[in-house]
Amino acid sequence: MNRDEMISKITETKKIYDFVVIGGGATGIGIALEAAARGYAVVLLEKSDFAKSTSSKSTKLVHGGVRYLAQGNVGLVREAVIERGLLAKNAPHLVKDQSFVIPTHGLFDEIKYTVGLTLYDWLAGSLSLGKSKRINKKKTLKRISTIKPDKISAGVVYHDGQFDDTRLAINSLQTAVEQGALALNYAGVTSVLKNDNGKICGVTFVDEETGITHQLNAKQVVNATGVFADHVLKMDSPNAQKTIAPSQGVHVVLDQSFLPGTDAIMIPKTDDGRVLFLVPWHNKVVVGTTDTPVEQESLEPVALEEEIDFILRTATRYLTKAPKRNDVLSVFAGLRPLAASNEKGKKTKEISRSHKIFTTNSGLLTMVGGKWTTYRKMGEDLVDQAEKNQGWPKTQTQTKDLKIHGYQANVDLHNPLYFYGSDQELLLHLAKQNTWEGSISTALGVIEAQVVWAVRFEMARTVEDFLARRTRCQLLDAKESLEMAPKVAEIMAKELGKDLEWQQQQLADYKAVTANYIL
C-alpha cells in the first residue's frame, strides 16, 4: 500500500487490465477484492481518500436489518445475516458481537419483538451471533443503567455485529493488494474511453497530487461510486437517467457515561418511523441515525440542525441523563446511495437497501444501493455479472473464507490499538526501533508510530486521512483531534518529504473540514 509504487506500476505499463473499478468505498473495495481473489488483473481508482464519503459515516453496525424484517424483506435480511457471520469469522479484529436491548412498552411489544427476533436468529442459522430473549424490567435496568424506568415494561435482548468501517475498508484493500490488485487514492477519473464499436475500453484519470493525466486500458470498467454514480454514468452518456436518490444519515457521538455498560440500545419506533441506535464504540457512544432526502451529493455533507435536535430529543426521552448540545463530542453526516425509486411519495426509509447492478449499452457496469454488511456479496454478484457480460469462463467466489488483512482472533478490546489486529506487533516494533512511542493523545490512545504506519503501509496522504479514517479521532472527539493535528502534520511532513508550508496548509484544511463536526 505504497502510493508511489502503485502509481509506477499502474502507469509504467500499457497492460490491458481485466477490471478498472472506479470508487474506493465499501462497494468498490468489495469488487476489487472479489475480482483479485479470482485471479483477475484489477485497478481501483478513488478520487479522494479511500472510504472518504458514505463508507466512513455508517452507524458502525454489521447487521441484517431488523426493520427490513418488519417490512417483510426476508431475502435481504437472510443475505445480510449470513454476510454478517462471514465478516465476524474473517475479520474478528474489526467485527465483534454486540448485544442490543430493545426497551418494550407492554406485553404486546414483548411478544412482537421476541417472536420477530427469534426469526431473525433463525435466518442466520449456524452463523447466528447469539440467541434473542426477553428479560424482565429489573434485568433491563441493570443492563442499561441510564434508561428511564417509567419508559419500559421489560426488554428484549438480541445480537448483531459492530465494527469499524474505515479500518475494514483499509484492511480489505490491503487484502485485495495481497491478492494482486492495484489501488490508488487521489486519482480522479475524468473520462471513459471507447473503441470504434462504442464499447468502453478504459478510462483517463488525473493524479490529484501531480496534476498529471494518465490513461488505463481495461476489458471491464465498473462504476462503484455510490452517491456519485450518476456523474460516471453521464461520462458514458450525457443523457443518462438518474439512478441515485441520496438520503442523509446523521449521528452524534457522546461520552461513555450516557451508556456505561456493554449493551447497545435499539429504539424501534421514533417520531419519523425510523429506528434509533445508541451503540458503544471505541469507548464512546454513537447515536443515530436520521433519514433526510437531499438534492445534492457532497463529499462532506453537513448535519442539519433539525437532525441533531431530533437525535438529542429522542435520546432524552429514554435516558435519565439527557444529552445536551454541549455534550456532543462530534457530529457526522453521511449519504446513503439509495437506488432511485419510480414510486412517487415513497419515503427514503422504505426504499430497499438491496444492491442493484445494471449494464449500459457501452458495457459500463454500475452498482447502486447496498450496504457495508453485504459488501463481499456485492463484489461476488458484480464479478459474476462481468463474467456473463464478457463471455468469460465462470469462476467461483474465493472470498467466503478469505481472512482479512490483520486477522487475529480474541483481540483485547480494551487495548487502544486492538483494531490493528496482527499488525499491532509490527507497529509497536516500529515504535520502539525509532522512538515513536510518544503519545499524541492520551484521551484517545494514539501514539506517534501510528502516523508513520499509516503513511508507509496504509496510503495516508493528508492529516485528515489519518485523523478521520486511519484512526477515528475526528469522529470520536472532534476538538481533541484539532489539538492532535499539528503533531500529526509534523510527523507526516517528515515521512512524505513535505515542507512547513505544506504543514500549515494541511492544518488549515483540517480545521475547515472539522468545523462541521463540532456543535
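In table form, for the structure just shown:
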{"item": "All positions within the range 31-70 that are over 13 Å from residue 169 (Cβ atoms) and among the basic types (Lys, Arg)", "result": "38, 47, 67"}
{"item": "Residue satisfying all of: in the range 409-425; more than 20 Å from the chain's Cα centre (by Cα) and within 13 Å of residue 92 (Cβ to Cβ); surrounded by the fewest Cβ atoms within 10 Å (Cβ to Cβ) among these", "result": "410"}
{"item": "Some residue of the range 100-107 being assigned to a helix (DSSP H, G or I), in contact (Cβ under 8 Å) with a residue 12 or more places away in the chain, farther than 30 Å from residue 403 by Cβ and out of contact with any Leu (no Cβ under 8 Å at 6 or more places or on another chain)", "result": "yes"}
{"item": "Within the range 112-151, tally of residues that are in a helix (DSSP H, G or I) and either open to solvent by 60 Å² or more (accessible area, probe 1.4 Å) or out of contact with any Ser or Thr (no Cβ under 6 Å at 6 or more places or on another chain) (or both)", "result": "24"}
{"item": "Contacts under 9 angstrom Cβ, first residue in the range 303-318 being over 19 Å from residue 259 (Cα atoms) and hydrophobic (A, V, I, L, M, F, W, C), partner part of a helix (DSSP H, G or I) and open to solvent by 20 Å² or more (accessible area, probe 1.4 Å), 6 or more apart", "result": "303/516"}
{"item": "Residue tally, condition part of a helix (DSSP H, G or I) and either open to solvent by 50 Å² or more (accessible area, probe 1.4 Å) or among the polar types (S, T, N, Q) (or both), over the range 501-519", "result": "13"}
{"item": "Qualifying residue in the range 446-467 (condition: of a type outside the set (S, T, N, Q), open to solvent by 70 Å² or more (accessible area, probe 1.4 Å) and in a loop (DSSP other than H, G, I, E, B))", "result": "no"}
{"item": "Helices (runs of 4 or more DSSP H) wholly inside the range 1-91 containing at least 1 residues that are touching a Ser or Thr at 6+ places or on another chain (Cβ under 7 Å) and β-branched (Val, Ile, Thr)", "result": "26-37"}
{"item": "Total residues in the range 373-402, condition acidic (Asp, Glu), open to solvent by 30 Å² or more (accessible area, probe 1.4 Å) and in contact (Cβ under 8 Å) with a residue 60 or more places away in the chain", "result": "1"}
{"item": "Extreme residue, farthest from residue 233 (Cα to Cα), among residues of the range 243-259 that are β-branched (Val, Ile, Thr) and open to solvent by less than 10 Å² (accessible area, probe 1.4 Å)", "result": "253"}
{"item": "The range 260-294: number of residues that are farther than 26 Å from residue 71 by Cα and surrounded by fewer than 23 Cβ atoms within 10 Å (Cβ to Cβ)", "result": "8"}
{"item": "Some residue of the range 103-116 being under 25 Å from the mean Cα position of the chain (by Cα) and of a type in the set (D, E, K, R)", "result": "no"}
{"item": "Of all residues in the range 312-336 being open to solvent by less than 20 Å² (accessible area, probe 1.4 Å) and part of a strand (DSSP E or B), the one that is nearest to residue 141 (Cα to Cα)", "result": "319"}
{"item": "Filtered residues of the range 27-45 (kept if open to solvent by 10 Å² or more (accessible area, probe 1.4 Å) and among the small types (Gly, Ala, Ser))", "result": "37, 39, 41"}
{"item": "Hey, residue 10 open to solvent by less than 10 Å² (accessible area, probe 1.4 Å) and under 26 Å from residue 233 (Cβ atoms) or not", "result": "yes"}
{"item": "The one condition in (1) in contact with a helix residue (DSSP H, G or I) (Cβ under 9 Å, 6 or more places away or on another chain); (2) free of Cβ contacts under 8 Å to residues at least 24 places away in the same chain that residue 142 fails to fulfil", "result": "(1)"}
{"item": "Given (1) in contact with a Cys (Cβ under 6 Å, 6 or more places away or on another chain); (2) closer than 27 Å to residue 254 by Cα, index of the condition residue 193 fails", "result": "(2)"}
{"item": "Residue identified as charged (D, E, K, R) and not in a helix (DSSP H, G or I) among 487, 498", "result": "498"}
{"item": "Qualifying positions in the range 216-238 - of a type outside the set (Gly, Ala, Ser), surrounded by 19 or more Cβ atoms within 10 Å (Cβ to Cβ) and assigned to a strand (DSSP E or B)", "result": "216, 219, 220, 221, 222, 223"}
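A quick yes/no check of all residues on (1) over 26 Å from residue 254 (Cβ atoms); (2) among the polar types (S, T, N, Q):
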{"site": "423", "(1), (2)": "yes, no"}
{"site": "444", "(1), (2)": "no, no"}
{"site": "461", "(1), (2)": "yes, no"}
{"site": "469", "(1), (2)": "no, no"}
{"site": "503", "(1), (2)": "yes, yes"}
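The values are calculated or read from the model by the stated rules, or taken from the named source; none is laboratory data. Predicted model, so just to flag it, every value in this text is computed and none were measured. Ideal geometry is used to build each Cβ from the backbone, glycine not excepted, and the neighbour counts take in all protein chains shown. Protein only, heavy atoms only, side chains kept; ligands, DNA and RNA dropped before computing areas. Shrake-Rupley method; radii C 1.70, N 1.55, O 1.52, S 1.80 Å.
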